[in-house]
Amino acid sequence: MGNNNLKTLPEIFNNKIFRIPDYQRGYAWENKQLNDFWNDLSNLDEKRIHYTGMITVEEKENIYYVIDGQQRLTTIIILLKVLLDSFEDEWIGDDDGFDKEDLIKIFLYKKSGKQKKIIKPIFGYERDNPSDCFFKKNILQIEESDCDLINYQSIYTKNLFNAKKFFEEKIENFTQQEIENTIIKVIKQLKFNLYELDDELDEFVTFEVMNNRGKPLTTLELLKNRLIYLTTLFKGYSSEEIFKLRNDINNSWKIIYEYLGKNPEKVIKDDDFLKDHWIMYFTYDRSKANVEKEFLLGDYFTQNRVLLKYNEKAKELLDSEKLKQETVDYSDIENYIKNIKEAVKVYFYILNPEKSPYTNEIKEWLRKLNIIGFRAFKPLIMAVLLKYDNLDKDKILEVLQLAELYVFIVFIIAKRRGDTGNSKFFKYANEFHKNNNIDDLIENINNEIYDEDGNYYWLENLNNFIDEINNLLKNYEGWYSWKYLKYFLYEYEIYLQKEKFQEAVKKVKWEEINKDSIEHIYPETSDLECWKLVFKGKNKKYLHSLGNLLLLSISKNSSLGKKCFKDKKERYKNGSYSEIEVAQYKKWTQKEILKRGEILLEFMSERWELEITQEDKEKLLFMKRI
């Protein structure tokens, strides 16, 4: 490719206004892409150019819409803003260089009006794009009254902010000369192919084709573009109706991305949500990987399905009901986007119950499922909670309790395959979404848990669980290594609070539990005679036995954990309900460890309706070889 075909940034921007169209995804570059870009720039010799890629645009009414290359351009504009903010002089380069104020006008924004208070971005998002106000306020630092009350944040706005921070940190210790050199590199040595679309080319199809390169688009991102494209094919609707539907799609996706990224500590993956919603809204098919993408983009929301409605031959061959099933109309897209924008809120609440508007009991059981895993239940629970206002709250609670029971028994105790029951529960999710019959749903879940005699369908005995615990003792640290120990001890703590001590206030919060929250009562390491006399050195069988493990109200100092039991007791008296219970023991020997272990297994038996025989207990507490 000859250099005469390449353009620098000033040649590309030359008195042009660039906008990212509403169907484009937001800013998706993360540290990996930013580091690659920065390394290319840093290693660029001042006498060489760097081919940075193709920029594809479509011109409409003197606005250039970026079809391909928006990630690179956005990154460069953010970098230029950071560099120009940090550069103190007014002139950049030698005599053939640039005035700093001119660069701001070329790449960032222009001021107009009598008092220069009207500021127009040179590069940015369309006004209806969810990232528009964030980019103006937080990247370009433009004050605009329309954005004053908007505090919209998403995965994309987070990425914008992170990119700005990334470059600020990179140049933090730069001299003014280094900043100047970097600006010159960006505007003189980075070169691009600029390609302008012909009128005959479809911008939406072009977007899908071109954006399959680089960082791949998610199915959710492609779906938004596809839905907007389909609105251009409908016939018999007014321009106002088409505009409304397109605007509704944009607003729905704005809400979707807001909720997917609403908790920065627990960002929800696009395709996880879309797959679970697809299972609930449409159907479930496990015939191949990524089947939801194939269904949504290859089978259902397609050009052919829209145009079939206007095909005269199809109207002759198909009756009205069959034709409706085979086509996608305005109302189909309207109903879909209305549902998905409400579903994403519910999905967020499912994964962040503390932020939900649900009853405290429902929040509590959602927390439990977040801890042990939802497995196949998320689409089903989403379907139920979408109807939250219209359902008996006790029945919603029963669904959650059955889901927790199924997960605990089938996967934690019986050790069944991870996809056990998936197809059944996905089917129930879709059925409930259509008929809203919660009594049938509860009956169906019960039938997946219990057989005709009322026994667990998936659990004949505890052998798999016993083998797991004993293998953990052999190879690791027994019960202390059990993946679900924190959850089990936390459940026991809640039981003590409500049933034994009958207190309303929790002494332990799940979110505050960490690796130091579980203490060995008989300590792992201690040189004190009080322990040596009882256990004759380190005894792994008792050390990592269930009865010797205690959930603390707060993580204690490690030195205190090595003290004698009589000293520990004093500390336990003011701790968690589990600690208070242990403080009632007069001494701590092998006998007390086994006794408390049996108490904990009795709790497990009652809490999850398990039949744990005396022989099972002996094996689980390492009293009997297996």
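The values are calculated or read from the model by the stated rules, or taken from the named source; none is laboratory data. What you see is a predicted model, and the numbers here were worked out from it, not measured in a lab. Please note: Cβ atoms are built from the backbone with ideal geometry, for glycine as well, and neighbour counts cover all protein chains shown. Side chains are part of the model used for accessible areas, which takes the heavy atoms of the whole protein and leaves out ligands, DNA and RNA. Shrake-Rupley method; radii C 1.70, N 1.55, O 1.52, S 1.80 Å.
Test each condition in (1) part of a helix (DSSP H, G or I); (2) crowded, with 21+ Cβ neighbours inside 10 Å; (3) within 24 Å of the chain's Cα centre (by Cα) for Leu441 and report the one that comes out false.
Looking at each condition in turn, Leu441 falls short on (3).
Which of the residues belonging to the range 412-423 are within 26 Å of the chain's Cα centre (by Cα) and open to solvent by less than 10 Å² (accessible area, probe 1.4 Å)?
Ile412
Testing Lys368 on (1) over 19 Å from Lys275 (Cβ atoms); (2) more than 21 Å from the chain's Cα centre (by Cα), one condition comes back false. Which one is that?
Result: Lys368 fails condition (2) only.
Can you pull out every residue in the range 444-458 that is in contact (Cβ under 8 Å) with a residue 12 or more places away in the chain and more than 33 Å from the chain's Cα centre (by Cα)?
Tyr456
Just one of Ser605, Ser578 is of a type in the set (S, T, N, Q) and in contact (Cβ under 8 Å) with a residue 60 or more places away in the chain; which is it?
Testing whether each residue is of a type in the set (S, T, N, Q) and in contact (Cβ under 8 Å) with a residue 60 or more places away in the chain leaves just Ser578.
What is the residue count in the range 284-328 for residues that are on the phi < 0 side of the Ramachandran plot, among the polar types (S, T, N, Q) and either touching a Pro at 6+ places or on another chain (Cβ under 8 Å) or not in a helix (DSSP H, G or I) (or both)?
Residues flagged as on the phi < 0 side of the Ramachandran plot, among the polar types (S, T, N, Q) and either touching a Pro at 6+ places or on another chain (Cβ under 8 Å) or not in a helix (DSSP H, G or I) (or both) within the range 284-328 amount to 4.
Within the range 511-533, take every residue that is over 21 Å from Ile469 (Cα atoms) and surrounded by 17 or more Cβ atoms within 10 Å (Cβ to Cβ) and give me the one that is modelled with the lowest pLDDT.
By that ranking, first place goes to Ser526.
In this structure, does Phe426 turn out to be open to solvent by 10 Å² or more (accessible area, probe 1.4 Å) and in a helix (DSSP H, G or I)?
Considered against the rule, which asks whether it is open to solvent by 10 Å² or more (accessible area, probe 1.4 Å) and in a helix (DSSP H, G or I), Phe426 comes out as yes.
Among the numbered conditions (1) at pLDDT 95 or above; (2) within 22 Å of Ile268 (Cβ to Cβ); (3) open to solvent by 10 Å² or more (accessible area, probe 1.4 Å), tell me where Ala163 comes up short.
Exception for Ala163: condition (3).
For every residue, the table says whether it meets (1) closer than 24 Å to Lys506 by Cβ; (2) within 40 Å of the chain's Cα centre (by Cα).
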position	(1), (2)
Lys536	no, no
Leu552	yes, yes
Asn574	yes, yes
Ser578	yes, yes
Ala583	yes, no
Lys591	no, no
Lys595	no, no
Phe603	yes, yes
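Sort out which residues of the range 548-564 are open to solvent by 10 Å² or more (accessible area, probe 1.4 Å) and at pLDDT 95 or above, and write them in order of number.
None; the set is empty.
With Leu600, Leu610 as the choices, which residue is surrounded by 15 or more Cβ atoms within 10 Å (Cβ to Cβ) and assigned to a helix (DSSP H, G or I)?
The unique qualifying residue is Leu600.
Among residues belonging to the range 215-245 that are in a helix (DSSP H, G or I) and among the β-branched types (Val, Ile, Thr), point out the one that is nearest to Gln71 (Cα to Cα).
Looking at residues that are in a helix (DSSP H, G or I) and among the β-branched types (Val, Ile, Thr), I get Thr219.
Of (1) farther than 16 Å from Lys16 by Cβ; (2) of a type outside the set (Asp, Glu); (3) in contact with a helix residue (DSSP H, G or I) (Cβ under 8 Å, 6 or more places away or on another chain), Gly124 satisfies all except one. Which?
Only one criterion is unmet by Gly124, namely (1).
State yes or no: is Ser545 over 15 Å from Trp479 (Cα atoms), open to solvent by less than 80 Å² (accessible area, probe 1.4 Å) and among the small types (Gly, Ala, Ser)?
no
Wholly within the range 1-101, which strands (runs of 3 or more DSSP E) include no fewer than the required count, namely at least 3 residues that are of a type outside the set (Ser, Thr, Tyr) and modelled with pLDDT under 95?
The strands (runs of 3 or more DSSP E) meeting that bar are 50-60, 63-68.
Suppose we filter the range 249-283 for residues that are outside any helix (DSSP H, G or I) and touching a residue at least 60 places away in the same chain (Cβ under 8 Å); how many remain?
Within the range 249-283, residues that are outside any helix (DSSP H, G or I) and touching a residue at least 60 places away in the same chain (Cβ under 8 Å) number 9.
Mind checking which residues of the range 175-213 are at pLDDT 90 or above, surrounded by fewer than 11 Cβ atoms within 10 Å (Cβ to Cβ) and not in a helix (DSSP H, G or I)?
Thr175, the sole residue that qualifies.
Anything in the range 307-334 that is within 41 Å of the chain's Cα centre (by Cα) and among the hydrophobic types (A, V, I, L, M, F, W, C)? List them, or say none.
Passing the criteria: Leu307, Leu308, Leu323, Val328, Ile333.
Please identify the pairs in which a residue from the range 293-315 that is under 20 Å from Leu220 (Cα atoms) and modelled with pLDDT of 90 or more has its Cβ atom under 6 Å from the Cβ atom of a residue that is among the aromatic types (Phe, Trp, Tyr) and crowded, with 17+ Cβ neighbours inside 10 Å, counting only partners at least 6 apart or on another chain.
Pairs that qualify, where the first residue is under 20 Å from Leu220 (Cα atoms) and modelled with pLDDT of 90 or more and the partner is among the aromatic types (Phe, Trp, Tyr) and crowded, with 17+ Cβ neighbours inside 10 Å: there are none.
Of the numbered conditions (1) open to solvent by 80 Å² or more (accessible area, probe 1.4 Å); (2) free of Cβ contacts under 8 Å to residues at least 60 places away in the same chain, Asn39 fails exactly one; give the number of that condition.
Status for Asn39: all satisfied but (1).
How many residues are part of a helix (DSSP H, G or I), open to solvent by 60 Å² or more (accessible area, probe 1.4 Å) and among the charged types (D, E, K, R) if we restrict to the range 348-407?
The total comes to 9.
Condition test on Tyr259, is it open to solvent by less than 70 Å² (accessible area, probe 1.4 Å), farther than 13 Å from Tyr336 by Cα, of a type in the set (Phe, Trp, Tyr) and more than 25 Å from the chain's Cα centre (by Cα)?
Against the criterion (open to solvent by less than 70 Å² (accessible area, probe 1.4 Å), farther than 13 Å from Tyr336 by Cα, of a type in the set (Phe, Trp, Tyr) and more than 25 Å from the chain's Cα centre (by Cα)), Tyr259 does not qualify.
For the range 106-152, give me the residue count where each residue is outside any loop (DSSP other than H, G, I, E, B), at pLDDT below 90 and open to solvent by less than 10 Å² (accessible area, probe 1.4 Å).
Adding up the residues that qualify gives 2.
Just to be sure I understand, how many residues within the range 26-36 are under 30 Å from Asn251 (Cβ atoms) and either small (Gly, Ala, Ser) or open to solvent by 20 Å² or more (accessible area, probe 1.4 Å) (or both)?
The number of residues fulfilling the criteria is 5.
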